[in-house]
Amino acid sequence: MIEEAIVQQETSAPAPAAVTVTGTPWFSMIWVGALLLAAYAATLVNLVGSWFDGYANMEHGILVPPAVGYMVWLNRSHLQSIPSSPNRWGIVLVAWGLLQSILGMASQWIWVSRTAFLIALVGCIGSLYGTRMLRALAYPLCTLLLMVAPPTFIYERITLQLQLLASRLGEICLEALGYSVLREGNILEMVGERLAVAEACSGIKSLMALIFLAVVYGYFFVPQKSIRAILLISVIPIAIVCNAGRIIATGVVGQFNPELAHGMLHAAFGYVSLATGAMLCIGLHKLIVKLRA
């Protein structure tokens, strides 16, 4: 009788709940991440170096990885709830990234090599977690593109156009203020002073930094996709206007003291221009929200 009671108890006991695995084991993540970093170590060292050489105007690049990491961290509860569904297409992207990296190094096209790392990163995430995880991480992953300088031929063309546009705006505004200005290309001739709107003064640095600001600000403070798009598009005219203001201020100051126009004050005008652009972007967002309320 006792044995029968024990058997009945065992058969009537509820079965243990099934465990759903919603993530990939930590050792797999660490192993794949270490392999990815090792494979692209030279590319990543070169990429980080571009943030400090001053030529590519990518100083904001150092802020991109921490910002993306914080985006992922804030969304960690949702990401942890996504079931792991490894996708074979991720392996294809990893192979694509590897082939692109080899071609980039062979052709010495740096942009191709650097973006190959991002393609391989997307492939690793897809192969470990699946497409649902990639969709959830789409915004942070796209933000990583902002740490890579545009291709040289695009960068140079944009820079040249910004130089010429800034020169024209500077000429118009300085003449409107009563100063005599003669413009030849990107050179502004004033009384006792010559302003050359060089590549560093084209506004490309402010434009790149403001694009990064708009993207990060939009993620944290702007839930509406339409307003995010408006802010991102508005960055272009804002950067142009702010850089023109920098040229005007330099020209006006140079009429009183030419040495100040080419010293530390000139560099300070650049930071003021960037800060002004950031405030205009935030102010535009507040204005749109107020108008739509």
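What are the pairs, 6+ residues apart or on separate chains, where a residue within segment 123-134 that is closer than 14 Å to MET29 by Cα has its Cβ under 9 Å from a residue that is surrounded by fewer than 20 Cβ atoms within 10 Å (Cβ to Cβ) and of a type in the set (Phe, Trp, Tyr)?
Here the result reads GLY123/TRP89; GLY123/TRP96; GLY126/TRP89; SER127/TRP89, each pair linking segment 123-134 to a residue that is surrounded by fewer than 20 Cβ atoms within 10 Å (Cβ to Cβ) and of a type in the set (Phe, Trp, Tyr).
Can you find a residue in segment 242-253 that is in contact with a Phe, Trp or Tyr (Cβ under 6 Å, 6 or more places away or on another chain) and among the charged types (D, E, K, R)?
yes
Within segment 153-161, can one find any residue that is among the acidic types (Asp, Glu) and under 29 Å from the mean Cα position of the chain (by Cα)?
yes
Regarding segment 129-141, can at least one residue be identified that is among the aliphatic types (A, V, I, L, M) and either over 20 Å from the mean Cα position of the chain (by Cα) or assigned by TED's automatic domain parsing to the domain that holds ALA196 (or both)?
Yes, segment 129-141 has at least one match.
Please determine whether any residue of segment 99-113 is within 20 Å of the chain's Cα centre (by Cα) and either in the same structural domain as LEU195 (by TED's automatic domain parsing) or among the polar types (S, T, N, Q) (or both).
Yes, some residue in segment 99-113 is within 20 Å of the chain's Cα centre (by Cα) and either in the same structural domain as LEU195 (by TED's automatic domain parsing) or among the polar types (S, T, N, Q) (or both).
Quick check on this structure: which one of LEU79, LEU74 is surrounded by 14 or more Cβ atoms within 10 Å (Cβ to Cβ) and not acidic (Asp, Glu)?
Values: LEU74 fails: surrounded by 14 or more Cβ atoms within 10 Å (Cβ to Cβ).
The match here is LEU79.
Any residue at all in segment 281-293 that is surrounded by fewer than 13 Cβ atoms within 10 Å (Cβ to Cβ) and modelled with pLDDT under 85?
Yes, some residue in segment 281-293 is surrounded by fewer than 13 Cβ atoms within 10 Å (Cβ to Cβ) and modelled with pLDDT under 85.
Return the pairs, sorted by first residue and then second, in which the second residue is surrounded by 10 or more Cβ atoms within 10 Å (Cβ to Cβ) and of a type in the set (A, V, I, L, M, F, W, C), the first residue lies in segment 25-44 and is without any contact (Cβ under 8 Å) to a residue 24 or more places away in the chain and assigned by TED's automatic domain parsing to the domain that holds ALA95, the beta carbons are less than 9 Å apart, and the residues are 6+ apart or on different chains.
LEU35/CYS124; LEU37/LEU44; ALA42/MET105
Among the helices (runs of 4 or more DSSP H) contained in segment 18-121, which hold 2 or more residues that are polar (S, T, N, Q) and at pLDDT 90 or above?
41-50, 89-107
Checking the condition modelled with pLDDT of 90 or more and surrounded by 18 or more Cβ atoms within 10 Å (Cβ to Cβ), which residue from MET147, MET190 passes?
Numbers: MET190 fails: modelled with pLDDT of 90 or more.
Testing whether each residue is modelled with pLDDT of 90 or more and surrounded by 18 or more Cβ atoms within 10 Å (Cβ to Cβ) leaves just MET147.
The values are calculated or read from the model by the stated rules, or taken from the named source; none is laboratory data. Only a predicted model underlies this, so the values are computations on that prediction, with no experimental measurement involved. Here Cβ is always computed from backbone atoms with ideal geometry, including for glycine, and neighbour counts include all displayed protein chains.
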